[in-house]
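*Asks:* Quick one: this structure, given as structure tokens, is what I'll be asking you about.
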Amino acid sequence: MAEKSNFIQDFIDEEIAEGKYKYGDIQTRFPPEPNGYPHIGHAKALFIDFSTAEKYGGKCNLRFDDTNPTKEDTEYVDAIKEDIRWLGFEWDKCCYGSSYFGICYDLAVKLIKKELAYVCELSKDEMREYRGTLTEPGKNSPYRDRSVEENLDLFERMKKGEFNDGEKTLRAKIDMTSPNLNMRDPVIYRIIKNIPHHQTGHEWCIYPMYDFAHPIQDAVEGVTHSLCSLEYEAHRPLYNWVVDNCEFEHKPRQIEFARLNLTNTVMSKRKLRELVENGLVDGWDDPRMPTLCALRRRGYTPQSIKNFLTRAGIAKTDSMIDYALLEYCIREELNENAPRRIAVLDPVKVIVDNYPEDKTEFFTLPNHPAKPEMGNRQA
């Protein structure tokens, strides 16, 4: 199927025409969280990330967003790798968010020294109350004006494990009156103790939040275009704030696209995980699941899924795609490429009286009526 142009490629074409980048410079990344198996919605994201890099002769990194050890496991890491390769893509580098914990920590210290971050002791409920609403500004935390020295000391003690989960957080000092709630002093570090990380073990008991870690990882890796789903559009100012205030010379560009929504299909990884863990389905590859391994088990091919994603398109606004389109794509793919076979599912015994018992006849049939190159078979 011919590739369709989309608004992401239009942006990149403009930047290449302006001389900002040249062919081969484009770098993307696919950043899955290893807390479940990829489903058809994740396939859209990885398809966009990898195919965009391919179109411009660039690179795409696979980077596991493993900043929350409470839900992650190496089982999911292996499953994600298998599904990406099954779809026919290969990453340039396999990275882990946990590999950047040291860099994230150092940059958090840098923000504290610049008086752009502080240790806060508000509880989750208190923080929600201080945050304000869409129509009312938030209030400054009573801990917002701590000295640099006190913040550095408390943050170091957080790192050493001297405080319990939720007792303290590190927050960016931005603007509690901002109309964008994501800019109202967001938490950038939280405490998670006594849970080993699948990559770093017990080395860390504080972990960076995604909105802090992700732009740092993109900037360090040299990602030119950080492609993500539409719910992160409101997070883009925070993404840029982190890149700017951490003083990165290389500044990635975040571009958002609409998620894939399928009719009559659960697209929440959390809910799919509940189905598996509660024994309501026979594992992640249960044919009733929308996971890639389940679709593979049902007979879907990589090309049929790519054709479906191409037809579904890449848009800036949310929409609902009919599941029938996915089924049409696999029927079209099988009709085009599957060899033909005939089987009698409910045979009826027939006795032929006037045919020699020791004689057998075979017929030559094409494996595919429209593709002679697929050869013939005897039947």
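The values are calculated or read from the model by the stated rules, or taken from the named source; none is laboratory data. The shown structure was predicted, so the numbers you read here are calculated from the model rather than taken from an experiment. When we count neighbours, we look across all protein chains shown, and the Cβ atoms used for this are built from the backbone with ideal geometry, even at glycine. In case anyone asks, the SASA skips ligands and DNA or RNA and just uses the protein heavy atoms, side chains included. Shrake-Rupley method; radii C 1.70, N 1.55, O 1.52, S 1.80 Å.
*Asks:* Residue by residue through the range 197-224, note down the ones that are in contact with an Asp or Glu (Cβ under 8 Å, 6 or more places away or on another chain), of a type in the set (S, T, N, Q) and part of a helix (DSSP H, G or I).
*Replies:* none
*Asks:* For the range 141-152, name all the residues that are in a loop (DSSP other than H, G, I, E, B) and exposed (fewer than 14 other Cβ atoms within 10 Å of the Cβ). Spell out the reasoning first.
*Replies:* First pass over the range 141-152, keeping only residues in a loop (DSSP other than H, G, I, E, B): 141-147.
If the condition is that a residue be in a loop (DSSP other than H, G, I, E, B) and exposed (fewer than 14 other Cβ atoms within 10 Å of the Cβ), then P142, D145, S147 are the ones that fit.
*Asks:* Restricting to the range 17-53, name every residue that is without any contact (Cβ under 8 Å) to a residue 12 or more places away in the chain and in a helix (DSSP H, G or I).
*Replies:* Hit for the range 17-53 is A17, nothing else.
*Asks:* Still on this structure, I have one more. With the structure loaded, tell me whether I103 is touching a Pro at 6+ places or on another chain (Cβ under 9 Å), within 30 Å of I48 (Cβ to Cβ) and assigned to a helix (DSSP H, G or I) or whether it fails that test.
*Replies:* No: the conditions fail for I103.
*Asks:* Give E249, E203, E274, E256 a once-over and let me know the one that is open to solvent by 10 Å² or more (accessible area, probe 1.4 Å) and under 27 Å from I8 (Cβ atoms).
*Replies:* Unique residue meeting the criteria: E249.
*Asks:* Checking W91 against (1) closer than 28 Å to L62 by Cα; (2) out of contact with any Lys or Arg (no Cβ under 9 Å at 6 or more places or on another chain), which single condition isn't satisfied?
*Replies:* (2)
*Asks:* Hey, another quick one. Could you check how many residues of the range 72-84 are open to solvent by 20 Å² or more (accessible area, probe 1.4 Å) and within 17 Å of T28 (Cα to Cα)?
*Replies:* Going through the range 72-84 one residue at a time, the tally reaches 1.
*Asks:* Follow-up question, since we're still on this one. Just the residues that are in a helix (DSSP H, G or I) and more than 27 Å from R297 (Cα to Cα), please, taken from the range 363-379. It would help to see each step written out before you state the result.
*Replies:* Here is the first cut: in the range 363-379, the residues in a helix (DSSP H, G or I) are 372-374.
Correct list: P372, E373.
*Asks:* Which of the residues belonging to the range 153-167 are of a type in the set (D, E) and either free of Cβ contacts under 8 Å to residues at least 24 places away in the same chain or surrounded by 18 or more Cβ atoms within 10 Å (Cβ to Cβ) (or both)? Lay out the reasoning, then the answer.
*Replies:* As a first pass, look at the range 153-167 and keep what is of a type in the set (D, E): 153, 156, 162, 165, 167.
Within the range 153-167, D153, E156, E162 qualify.
*Asks:* Would you list the helices (runs of 4 or more DSSP H) that sit entirely within the range 267-362 and hold 3 or more residues that are at pLDDT 90 or above, within 30 Å of P32 (Cα to Cα) and out of contact with any helix residue (DSSP H, G or I) (no Cβ under 8 Å at 6 or more places or on another chain)?
*Replies:* By residue number, 269-277, 292-298, 323-337.
*Asks:* So N194 ticks every box in (1) assigned to a loop (DSSP other than H, G, I, E, B); (2) touching a strand residue (DSSP E or B) at 6+ places or on another chain (Cβ under 7 Å); (3) without any contact (Cβ under 8 Å) to a residue 40 or more places away in the chain but one. Which box is left unticked?
*Replies:* For N194, the exception is condition (2).
*Asks:* So the check is Cβ under 9 Å with 6+ separation or different chains; which pairs have a first residue in the range 85-114 that's closer than 27 Å to G201 by Cα and a second one that's assigned to a helix (DSSP H, G or I) and of a type in the set (S, T, Y)?
*Replies:* G97/Y210
*Asks:* From L227, L170, grab the single residue that is open to solvent by less than 10 Å² (accessible area, probe 1.4 Å), in contact (Cβ under 8 Å) with a residue 60 or more places away in the chain, under 30 Å from T317 (Cα atoms) and assigned to a strand (DSSP E or B).
*Replies:* L227
*Asks:* Further, regarding this structure: For the range 91-102, which residues satisfy the criterion of being under 15 Å from the mean Cα position of the chain (by Cα) and of a type outside the set (G, A, S)?
*Replies:* The answer is W91, C94, C95, Y96.
*Asks:* If I ask for residues that are β-branched (V, I, T) and under 11 Å from L116 (Cα atoms), which ones from the range 139-173 would you list?
*Replies:* If we filter the range 139-173 for residues that are β-branched (V, I, T), which is where we start, we get 148, 169.
Residue satisfying the conditions is V148 alone.
*Asks:* Mind telling me which of the residues E332, E327, E357 ends up being farther than 28 Å from K81 by Cα and open to solvent by 60 Å² or more (accessible area, probe 1.4 Å)?
*Replies:* E357
*Asks:* What tally of residues in the range 116-130 results from selecting those that are open to solvent by 30 Å² or more (accessible area, probe 1.4 Å) and under 14 Å from L154 (Cα atoms)?
*Replies:* Let us first name the residues in the range 116-130 that are open to solvent by 30 Å² or more (accessible area, probe 1.4 Å), namely 116, 121, 123-130.
Adding the requirement that they be under 14 Å from L154 (Cα atoms) leaves 121.
Residues flagged as open to solvent by 30 Å² or more (accessible area, probe 1.4 Å) and under 14 Å from L154 (Cα atoms) within the range 116-130 amount to 1.
*Asks:* Quick test for you: out of P69, P137, pick the one residue that is open to solvent by 20 Å² or more (accessible area, probe 1.4 Å), farther than 18 Å from Q27 by Cα and outside any helix (DSSP H, G or I).
*Replies:* Exactly one residue qualifies, and that residue is P137.
*Asks:* Could you please let me know if K44 is open to solvent by less than 50 Å² (accessible area, probe 1.4 Å), charged (D, E, K, R) and modelled with pLDDT of 95 or more? Please lay out each step first, then the result.
*Replies:* Numbers: open to solvent by less than 50 Å² (accessible area, probe 1.4 Å): yes; charged (D, E, K, R): yes; modelled with pLDDT of 95 or more: yes.
When the stated conditions are applied, K44 passes them.
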